[in-house]
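Data block below; observations after.
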Amino acid sequence: MILVQCEFDTKLKKSALELLGAAQKLGGDITAVLLGTGAGAVATEAAQYANQVLVCEDALLEPYTAKTFAKAIADLAEQAEATIVLLAGSRGGRELAPRVAVRLDAAYLEDATNIERIEGGLRIQHYAFLARVTETLEATAPIVVCSVKPNTQAIAETRAAGEIYEVELELTASGVNILGRIQEKTTRVALTEASLVVTGGRGLGSPENFALIEGLADVIGAGVGATRAAVDAGWRPYGEQVGQTGKTVQPNAYIAVGVSGAVQHLSGMGKSKNIIAINKDPEAPIFKVADYGIIGDLHTIMPALIDAAKKLRD
Ligand SMILES: Cc1cc2nc3c(=O)[nH]c(=O)nc-3n(C[C@H](O)[C@H](O)[C@H](O)COP(=O)(O)OP(=O)(O)OC[C@H]3O[C@@H](n4cnc5c(N)ncnc54)[C@H](O)[C@@H]3O)c2cc1C
């Protein structure tokens, strides 16, 4: 049995659909786990991809703490007799996965970009040593817990709907009280969930010029990305970095503006369905992977592109 811890808001997050896709690829029965407020509302969606869905909305799961969630997932893994437990390599999932592994006394594999079943366990690939090295690892153990890097797996396919069960767990209060929460207010779509991404590189020349990237992103409803050069220069937050040491994205269209196309950047966006590059250097490596390219000065092209996008939108 493969147990999949699914992240959701009002519907399953892309990370969950990818984990379910990875589980389908591995083969075998799949149990999807939905924890916390609103879990019941996404159960029918999850049932399309799994043999069974376990739903728990226990009050002690709110507010979220890794300790309580890890106990809940481990208890459900034991109940379901899972031999493989998959969690998203998101910030939350990476916090949870090792805790779940310890509770289950399981082997632990982290941030898989590729995952396959072997006799008695799993083989994965992941980046190591600041992403300079791609390692292949195997774990053979009665239970293997594995976190999977977002945007590296195919989305799950729908199949005959599985059973949905509301489960009760014996949880204890975590001992953590959240006294306040300040939530970032953004109307912009999250980078790893976005079907369109506009990314700026060092070619922008200054942090102020990222207004061109944000301007286009806002008109077309895209997420905003940045290269490591732009992040290291302090122009953009690390959360926007795309590449080996940043986020991996796989949107329908990836618009790279003033980005040279270094191999470490390509490894984070190379699986995008369409790559559109804007660069003044016709020899820039990004053009080797681009489906569409505009050779020219971004300061001329971007305002024209934003105007054209606004006209289309309106
Ligand atoms: C271990 C390791 C990990 C790394 N991880 C990452 C990572 O996760 N993500 C990442 O992005 N990088 C990563 N890097 C860095 C990577 O090697 C590159 O240095 C970086 O991606 C370059 O960023 P850039 O394309 O913005 O800058 P540059 O390489 O300087 O390219 C700027 C581009 O802008 C173009 N340009 C300039 N002015 C204009 C203009 N007016 N109009 C149009 N085009 C213009 C130039 O022709 C050029 O092609 C990593 C490096 C190492 C060693």
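Since every read-out is calculated from the coordinates, none of them should be taken as a lab result. Please read all numbers here as calculations on a predicted model, not as lab measurements. Cβ atoms come from the backbone with ideal geometry, glycine included; neighbour counts cover every protein chain shown.
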Arrange the following residues from fewest to most other Cβ atoms within 10 Å of their Cβ: 117, 132. 132, 117
So what's the gap between the Cα centers of region 103-138 and region 237-314, to the nearest angstrom? 30
Over the Cα atoms of the chain the radius of gyration and the largest Cα-Cα distance (Dmax), both in Å, equal 21.0, 62
Taking region 1-35, which trypsin sites (Lys or Arg not before Pro) meet the DSSP loop condition and have no more than 14 other C-beta atoms within 10 Å? 11
Which value, to two decimals, describes the C-alpha radius of gyration of region 2-166 once divided by 2.2 N^0.38 Å? 0.95
Considering the alpha-carbon set of region 191-313 alone, what are its Rg and its Dmax in angstrom? 12.7, 37
Just to confirm my numbers, what's the Cα centroid distance between region 57-80 and region 153-223 in Å? 22
Within the set 247/280; 11/273; 11/67; 25/288; 14/280, which residue pairs have Cα atoms separated by over 29 Å? 25/288; 14/280
